[in-house]
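The values are calculated or read from the model by the stated rules, or taken from the named source; none is laboratory data. Keep in mind that this is a model prediction, so the values were computed, not measured. Using ideal geometry, Cβ is built from the backbone for each residue, glycine included, and neighbour counts are taken over all protein chains shown.
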């Protein structure tokens, strides 16, 4: 009887002595859940960029890339970045066919130099081949918008072996989105070999 009474007393005293009130327990659970969500988002961001990486370089460096077909090779140089970029046509600033997440945004123009170092003819759309990443993990595909930074690439660029081309690819992204990196891949951006230039 003494043991049972002592045990019952201990159980009754647990809440007063060591257990937390339910409100505090719920608060701790919410904080832990928020920490887990933030950790999960960070893990996705960390995994996203390396998963898309191929050859890496800094702005101004040349990255050699291969396409999926035989003899498809291209040296790609990221020359400069204009952020923000002013469209040469005012209509491009508010073009409804090129929406911006959140409804407002800015243009960023990236200049590339392309040199065909392979044995096959390069025929591709640089706008489709290029992507811009922000620090939130969003990925934006290039457009053919012309800006005051310089002339845009034509819709299709054709280069024989040894041929070169210069031009801009412009991206539309939300106002204030911090730039993280630019990527480029042959075959309309679908080749396995992906060039990556860090902007942060």
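How about region 156-194: which of its residues are under 17 Å from residue 87 (Cβ atoms) and either within 14 Å of the chain's Cα centre (by Cα) or part of a loop (DSSP other than H, G, I, E, B) (or both)?
Result: 171, 172, 173, 174, 175.
Within region 117-129, is even one residue buried (at least 20 other Cβ atoms within 10 Å of the Cβ), at pLDDT 95 or above, in contact with a strand residue (DSSP E or B) (Cβ under 6 Å, 6 or more places away or on another chain) and assigned to a strand (DSSP E or B)?
Scanning region 117-129, I find at least one residue that is buried (at least 20 other Cβ atoms within 10 Å of the Cβ), at pLDDT 95 or above, in contact with a strand residue (DSSP E or B) (Cβ under 6 Å, 6 or more places away or on another chain) and assigned to a strand (DSSP E or B), so the answer is yes.
Scan 170, 147 and give me the residue that is buried (at least 19 other Cβ atoms within 10 Å of the Cβ), modelled with pLDDT of 95 or more and under 20 Å from residue 114 (Cβ atoms).
170 is the lone residue from the list that is buried (at least 19 other Cβ atoms within 10 Å of the Cβ), modelled with pLDDT of 95 or more and under 20 Å from residue 114 (Cβ atoms).
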